[in-house]
Amino acid sequence: MSDDSRLPRTLARRDALRLLGAAGAVVAAAPLARAQTAAPATAAPAPMNGNGFYRQRIGDMTVTVVSDGTAALAALLPTWGANPDRQAEFAATLAEYHVAAQNTVNHFNPVLIELDGKRILLDTGRGGANGQLVTNLRRAGIEPETVNAVFITHGHGDHIGGLTTAGKPTFANAQHIMGEAEFKFWTTQATPNDAVKNNLIALKDQFKLIQPGQEIVPGLTTVATPGHTLNHLSVLARSAGQGIMILGDAGGHFLLSLKHQGAYVSFDTNGDQAAQTRQQIFERIVSENLWVSGYHFPFHAIGHLRRLGAGSFEFEPTVWNWS
């Protein structure tokens with residue numbers, strides 16, 4: 001009876017590799033043999049949530065929050081809670097919720113909705129070197145040319161900056177849509193800023209201008225939410241008995257604007273009006289059990305609201321789902 005353990009190690013290793021090679025050839029040949037009869041391969045699954053985008057199914061819609069990145073924020077107050085007589089109150093709430101008041105970041109979160117075979121993008125981020133929207137759309141498997149419509153909530157640079165890239169429309173095949181009053185406010189100024197010149201005025205012939213309460217596409221309707229800008233429009237999307245309110249900047253800060261009735265942010269055009277609008281829209285979201293997304297809420301920036309008391313609400317981000 002032979003004892004293979006006495007073979008030289010080099011011989012034993014050589015024979016093992018030969019056996020593995022033969023087995024590998026069989027394994028490699030198997031797909032070729034099966035290819036004659038195998039069913040066509042199924043489409044690759046959608047990329048996993050978390051690499052700059054987050055998908056949520058709502059009714060028959062797929063709602064994807066797409067991060068445009070973040071910007072450093074040295075101090076949260078008084079920018080995001082600007083009432084001068086309430087700074088101590090705001091600071092106490094930040095501490096209670098363990099939200100950093102200094103050396104933090106501001107988030108930018110456009111939303112893409114897929115419904116009835118159409119892709120509708122709501123706001124376009126900052127554009128330029130800082131903008132991450134297109135990168136993160138592609139990570140989600142969405143090419144810019146496949147977007148069918150782009151709607152702009154208002155004319156601030158961090159919402160319109162991504163409309164163009166190197167002087168050309170970023171979303172070349174999309175219908176561009178904006179509220180008429182908001183569009184005209186920005187494009188008729190005597191000295192418009194560069195973001196307006198490069199993204200609204202440069203594309204003025206491509207814009208369809210609509211009114212509050214008018215449909216962007218079937219299933220998506222504009223909602224008047226004045227105050228942050230005087231003609232700001234949010235978007236209500238409904239499908240199969242469910243709905244989501246895309247607030248744009250009507251939501252303000254995810255904590256201070258919700259919890260503290262009357263709170264406003266420093267870049268609201270009309271702080272009192274913005275605060276009143278927020279109360280009304282938050283109440284509607286809770287009463288109608290709507291999903292919600294706020295442009296500057298922390299990513300993944302989608303969830304629900306709950307009522308804490310009279311005039312006071314809290315944002316509840318949805319439990320993260322990786323797939």
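Numbers below:
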| quantity | calculated |
| --- | --- |
| Among the candidates 209, 200, 137, residue that is in contact (Cβ under 8 Å) with a residue 12 or more places away in the chain and within 30 Å of residue 322 (Cα to Cα) | 137 |
| Lone unmet requirement of (1) under 18 Å from residue 109 (Cβ atoms); (2) part of a strand (DSSP E or B); (3) not β-branched (Val, Ile, Thr) for residue 158 | (2) |
| Test result for residue 301, buried (at least 24 other Cβ atoms within 10 Å of the Cβ), in contact with a Pro (Cβ under 9 Å, 6 or more places away or on another chain) and within 25 Å of residue 95 (Cα to Cα) | yes |
| Neighbours by Cβ (under 7 Å, 6+ apart or cross-chain): first from the stretch 84-108, closer than 30 Å to residue 127 by Cα; second modelled with pLDDT of 95 or more and in a helix (DSSP H, G or I) | 101/91; 101/94; 108/158 |
| Residue in the stretch 141-154 that is farther than 26 Å from residue 105 by Cα, in a loop (DSSP other than H, G, I, E, B) and more than 16 Å from the chain's Cα centre (by Cα) present | yes |
| 3 or more residues buried (at least 18 other Cβ atoms within 10 Å of the Cβ) and not hydroxyl-bearing (Ser, Thr, Tyr): qualifying strands (runs of 3 or more DSSP E) within the stretch 49-119 | 53-58, 61-66, 111-115 |
| Residue check for residue 66: touching a residue at least 60 places away in the same chain (Cβ under 8 Å), among the β-branched types (Val, Ile, Thr), in contact with a helix residue (DSSP H, G or I) (Cβ under 9 Å, 6 or more places away or on another chain) and over 24 Å from residue 245 (Cα atoms) | no |
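The values are calculated or read from the model by the stated rules, or taken from the named source; none is laboratory data. Remember, predicted model here, so these are calculated numbers, not experimental data. Neighbour counts are summed over all protein chains in view; Cβ atoms, including those assigned to glycine, are modelled from backbone coordinates with ideal geometry.
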